[in-house]
Each structure stands twice: as structure tokens, then as C-alpha cells.
Amino acid sequence: MPLTASLVTHSMTLPGVFEQVPESGVIDPPLWTLRYETVCYVLLALFALVGVLATRFRATLTLAVILGLYAFVTFATSWRTDIGAIDSATRFVLDFFLGGAFYLFADKIRLDLRVVLVLGVAAVATFGTAAYEAAFRVALTYGLLWFALVPGGPIRRFNLIGDYSYGLYILCFPIQQTFVMLNPLVTPGWLLVSSFPAVLALAILSWHFVEHPALKRKAWAGDCVGSLMRGAQQRFTTLLGLGAAPKPQTSASER
């Protein structure tokens, strides 16, 4: 687990823990994505520091380079087949920066259910071909944004009390492992029904006592990090001859 926390590996074992269950030795698989998420944020920070995201034009060129590298690694090498970490990093970096592209061009992109359906059909039509992965991920990104931002009604009220989704995601597996350890004959359906109240209860505690208090400090932490980043960015962009760093936006508290 220390290695998992260091983001060097996604090893999920603890000596003597969960060794007599079907998924023996496995603690919490959802944590395995954390190192790839960290890679994406480090790349984003580096791109910002050197100024290649300072304008929409530069950001577009950067995205084009990322897509070109994705195509090269995917179609011109066997790295993804030979090395699991490269395969995972390739998929997650593509997803991350596709989301960034949608944010960058938010004022130009219209979220429409018809487009969701067309992209979905295109993804299905390319299944089994080299184009499937990219088509699927574009369809998924657009579809999720449409689902999150367009429909109204009850779907908008699902997390007014609190956002328990991350707690459910992270805590589900170790709690279910515990239930299986206590009752090795439990069926999948009964495992879901019996473990859900415990998972939800802990997710509620996680949100109200860990996640939400931490998010309240986001603005303060962002100001501190942003100040350091702007200073470093100014030096990097000047050194690389990319022009002055963009002026920081005025926050609501400064107006």
C-alpha cells in the first residue's frame, strides 16, 4: 500500500488481508487509476508552465500533438500490447485531453441528443476496427457531457444533500471483500443488496467529514498554487520565447 500511495505502482496487497477470499489479496482496485490521473495533471501543469496552453491556437496545436502521439503509439508500435502501463496511460491521457478539448471549445460545441446518437452509432459501426477506440471515447465524452448538462428534472436533484459518488466508488470493493470473507457462500445479488447500506453510510461520512471540508479549502489552495504557477510560468515562457504569460483572471473576492 505505501507503493500505491507513492503512485509508483498499483499493487493492491496487504500481507494477511483478504487472503482467503476468491479475489485473494486484493484490497481496493479502484485506486489503480490514481497514478494515471496524476500523470495527466502533471502533463497539464507542464503544458501551462511552458505556455503552450496560453491561447486557444497554442492549445489546439498541443492537442493535435497529443492526438498524433496517440496515433503513433497505437498504430505504429507494439508498446500498448507489450506494456500494460503504456496501454493504460495512452487511454487515460486521450480521455483527459479530450475532456480538455471540450472545455476549450465549450462555446463552439452544441450538446444535442441527435449528435449523441450519431456518435454512438459511429462507435458501434467501427467495433472491431482500429478506429473503434477513438470513436468510442469521443462518443463517450460527448455523451457524458450531454447527460450531465442537458437533461432537467429529478436528475438534477440527485446529489443536493451531498455527492457520495466517489465514496461509493472507492469504498465499495473493500467492504464487499469483507462481506465475502464473513460469508464465502454469498451470491452476487445478495452481496450487492447487503453491502450497499454499509457502503453508502461510509460514503456519506466520507463526503461530510473528508471530501466536502477539503473542497471548501480549494479556493485558498488554488490561490496559493496559482500564484506559484504564474511566477514559474512567466519565467518559462520568457525563457522559451513564447511571450508573456497570460494575465491572471480577477477572482470574485478581488473585485
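Since every read-out is calculated from the coordinates, none of them should be taken as a lab result. Keep in mind that this is a model prediction, so the values were computed, not measured. Reconstructed Cβ throughout: ideal geometry from the backbone, glycine too, with neighbour counts over all protein chains shown.
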Here the qualifying pairs (Cβ atoms under 9 Å; residues six or more apart or on different chains; first in segment 142-163 and touching a residue at least 24 places away in the same chain (Cβ under 8 Å); second of a type in the set (Val, Ile, Thr) and assigned to a loop (DSSP other than H, G, I, E, B)) come out as 142/109; 145/109
Subset of segment 148-166, residues in contact with a helix residue (DSSP H, G or I) (Cβ under 8 Å, 6 or more places away or on another chain) and more than 29 Å from residue 209 (Cα to Cα), comes to 150
Evaluation of residue 127 against (1) surrounded by 12 or more Cβ atoms within 10 Å (Cβ to Cβ); (2) of a type in the set (Phe, Trp, Tyr); (3) assigned to a loop (DSSP other than H, G, I, E, B) (one fails), failing number: (1)
Could you say whether any residue in segment 167-175 is within 30 Å of residue 52 (Cβ to Cβ) and among the aliphatic types (A, V, I, L, M)? no
Does segment 155-172 hold any residues that are part of a helix (DSSP H, G or I) and closer than 29 Å to residue 27 by Cβ, and which are they? 165, 166, 167, 168, 169, 170, 171, 172
I'm trying to understand the selection: among the residues of segment 173-185, which are more than 24 Å from the chain's Cα centre (by Cα) and either of a type in the set (Val, Ile, Thr) or not in a helix (DSSP H, G or I) (or both)? 178, 180, 183, 184, 185
Segment 75-95 residues that are in contact (Cβ under 8 Å) with a residue 12 or more places away in the chain, paired with ones that are outside any helix (DSSP H, G or I) and surrounded by fewer than 17 Cβ atoms within 10 Å (Cβ to Cβ) (beta carbon under 7 Å, 6 or more apart): 75/130
Being under 19 Å from the mean Cα position of the chain (by Cα) and surrounded by 15 or more Cβ atoms within 10 Å (Cβ to Cβ) is true for just one of 149, 168. Which residue is that? 168
Among (1) of a type in the set (S, T, N, Q); (2) without any contact (Cβ under 8 Å) to a residue 24 or more places away in the chain; (3) over 30 Å from residue 235 (Cβ atoms), the one test that residue 62 misses: (3)
Can you name every one of the helices (runs of 4 or more DSSP H) wholly within segment 22-124 that holds 2 or more residues which are buried (at least 16 other Cβ atoms within 10 Å of the Cβ) and touching a Leu at 6+ places or on another chain (Cβ under 7 Å)? 34-50, 56-75, 84-104
For segment 198-214, which positions are of a type outside the set (Val, Ile, Thr) and surrounded by 12 or more Cβ atoms within 10 Å (Cβ to Cβ)? 198, 200, 201, 202, 203, 205, 206, 207, 208, 211, 212
